[in-house]
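Below you'll find the structure, written out as structure tokens, and then a few comments.
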Amino acid sequence: MCGGFTCSKNALTALNILYIVVAFILIGVAVYGRATPLGENLPIIGGILACGVFLILISILGLIGAIKHHQVLLFFYMLILFLLFLVQFSVACACLAVNQEQQQHLAKQGWNKIENTTTQMDLETVFKCCGFDKEDNTTFCPDLCNTQKCSKCSEALQNTIDYAFKLSGGIGLFFSFTEIIAAVVAYRYRNQMNPEDKASAINVPRYNSYLY
């Protein structure tokens, strides 16, 4: 039956393999972002890389615990997953609840933290904008702004920023629920008896007191 020992073991193993695949995707995205001029100075790239590495470590812990039915590893795996669920669920809800004014405020902070002027110019060239907002009187505008009217980058980036927040929040919310499912499966699997151990216990010879 699907609620048995083997089913729980296979389900937990499959979930951790899925997490490993997702972790490699995160690491690949971070490495690709580091290689591009637009992302080499963005702090979020380092955060994505750290999340990928942390997820791989957690997945390996759960995978070993699932294969060996290790009680201690499964306990710490459940504990870390539950804490990770709380953090990721909170962050995902925050991303979905951010309004446009807050998005612009966060985007401006990120823009000001980019000390490399070349990166700002690359962003202006890609999105065909000049300066972040009306208060930004930058003189480093792309050449195309000399022949056509360019909007401020806060306006040009608005749809992209809003889409990124909604996408990040939706994906984070989805994976946070998979983490709580994995924690529940690990709890159930940890408390189940291995059929091989049960069979060994049955076959152990019993000695009665009259033999002594």
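The values are calculated or read from the model by the stated rules, or taken from the named source; none is laboratory data. Please read all numbers here as calculations on a predicted model, not as lab measurements. No Cβ is skipped: glycine too gets one built from the backbone with ideal geometry, and neighbour counts run over all protein chains shown.
Cβ-Cβ distances below 6 Å connect the following pairs, each with a first residue in the stretch 45-56 that is over 11 Å from Phe24 (Cα atoms) and surrounded by 14 or more Cβ atoms within 10 Å (Cβ to Cβ), a second residue that is of a type in the set (D, E, K, R) and at pLDDT below 70, and a separation of six or more residues or different chains: Ile45/Arg34.
Figure legend. Inter-residue proximity from the stretch 119-132: first residues closer than 16 Å to Gln109 by Cα, second residues among the aromatic types (Phe, Trp, Tyr) and part of a helix (DSSP H, G or I), beta-carbon distance below 9 Å, spacing 6+ or different chains. Indicated pairs: Gln120/Trp111; Leu123/Trp111; Phe132/Trp111.
Let me confirm something: among Gln88, Gln71, which residue is modelled with pLDDT of 85 or more and not hydrophobic (A, V, I, L, M, F, W, C)?
On the way: Gln88 fails: modelled with pLDDT of 85 or more.
Answer to the check: Gln71.
Take Ala164 and decide whether it is part of a helix (DSSP H, G or I) and either among the charged types (D, E, K, R) or at pLDDT 80 or above (or both). Walk me through it before giving the result.
Details: part of a helix (DSSP H, G or I): yes; either among the charged types (D, E, K, R) or at pLDDT 80 or above (or both): no.
No.
Taking Ile80, is it at pLDDT 85 or above, in a helix (DSSP H, G or I) and of a type outside the set (Gly, Ala, Ser)?
Taking the combined requirement at face value, the residue satisfies it.
Among residues of the stretch 157-173 that are under 21 Å from Lys108 (Cβ atoms) and without any contact (Cβ under 8 Å) to a residue 12 or more places away in the chain, none has a Cβ under 8 angstrom from a residue that is among the small types (Gly, Ala, Ser) and loosely packed, with under 14 Cβ neighbours inside 10 Å at a sequence gap of 6+ or on a separate chain.
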